[in-house]
Amino acid sequence: MIRNVLGAVLALAGAAAAVLSPFRDWYDGRLGRHYRLGDLFTATGATGTQSGGLFGSLWLPFLCAAVVAVLGVVLRSRTLVALAGVVVLGFTVLWMVRVFQVTDSLAVAGDGSGLDVGVALAAGGGALLLLGAATMSGRHRPPRYAAPDSTAPDTWPPTREPGPSVQTSPWPEPEGDDPYVGPPDTPGKSSPSGGHPSPSGD
């Protein structure tokens, strides 16, 4: 959580620096918004002598990168924030290459005739975006559990082990139809009361 908050702060600071950089001096007293976006892809190079409007200047790719960075912060996506940083640094480096083709110099002069604070804001903003993406921890995905095997046999209700279903008693079953027949009479004695000896000796 702390890493996401710190990364979001760095990313938003980098996006703000990138958006504000075209409104500061870039080279020889010229603002970054004075450089047309199409001049970066032509053979003449970036001269900054003609203005193509705000949305036709370097401000447009930096604005798009800032929107992508804010979206990445909201979604906690490190990929989107890193993509925004790559776009800002890429256009900054491309501008430097095209200006060098025209002026043969990219020196930093104290009188403002060389690279100025606008370039530093753009480069620093791109670096902050990349640093914010590296700091963020991103989303925490829930652990994946293995899906149950649909081909496995159903084991509910549990099956019983094979065996006799009726338990046998260890005592022998009585003979005859009456299960309450007592023990046989003693030889030599008879009992008229159905197996019970009389109390007398008769």
*Hey, among the residues in the stretch 76-100 that are touching a residue at least 60 places away in the same chain (Cβ under 8 Å) and assigned to a helix (DSSP H, G or I), which one's surrounded by the most Cβ atoms within 10 Å (Cβ to Cβ)?*
Val81
*asked:* Checking Gly118 against (1) assigned to a loop (DSSP other than H, G, I, E, B); (2) under 13 Å from Tyr27 (Cα atoms), only one condition comes out false. Which one?
replied: (1)
_Output for the stretch 2-39, where each listed residue is outside any helix (DSSP H, G or I), touching a residue at least 40 places away in the same chain (Cβ under 8 Å), surrounded by fewer than 20 Cβ atoms within 10 Å (Cβ to Cβ) and not small (Gly, Ala, Ser)_ = Arg24, Asp25, Asp28
*Filtered residues of the stretch 128-141 (kept if in a helix (DSSP H, G or I), in contact with a helix residue (DSSP H, G or I) (Cβ under 7 Å, 6 or more places away or on another chain) and either closer than 14 Å to Ala65 by Cβ or hydrophobic (A, V, I, L, M, F, W, C) (or both))*: Leu128, Leu129, Leu130, Leu131, Gly132, Ala133
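Starting from residues that are among the hydroxyl-bearing types (Ser, Thr, Tyr) and within 16 Å of the chain's Cα centre (by Cα), keep the ones in the stretch 63-93 and report whichever is farthest from Ala123 (Cα to Cα).
Here is the first cut: in the stretch 63-93, the residues among the hydroxyl-bearing types (Ser, Thr, Tyr) are 77, 79, 92.
When the remaining residues are screened for being within 16 Å of the chain's Cα centre (by Cα), the result is 77, 79.
Working: Ser77: 22, Thr79: 19 Å.
Across the stretch 63-93, the extreme among qualifying residues is Ser77.
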*Six or more apart or on different chains, Cβ under 7 Å: which pairs go from a residue in the stretch 124-139 that's more than 12 Å from Ala8 (Cβ to Cβ) to one that's among the basic types (Lys, Arg) and crowded, with 19+ Cβ neighbours inside 10 Å? Could you list them?*
none
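Read-outs throughout are calculated quantities, based only on the coordinates presented, and are distinct from any laboratory measurement. Here the structure is a predicted model, which is why all the values come from computation and not from measurement. Cβ coordinates were reconstructed from backbone atoms using ideal geometry, including for glycine residues, and neighbour counts include every protein chain displayed.
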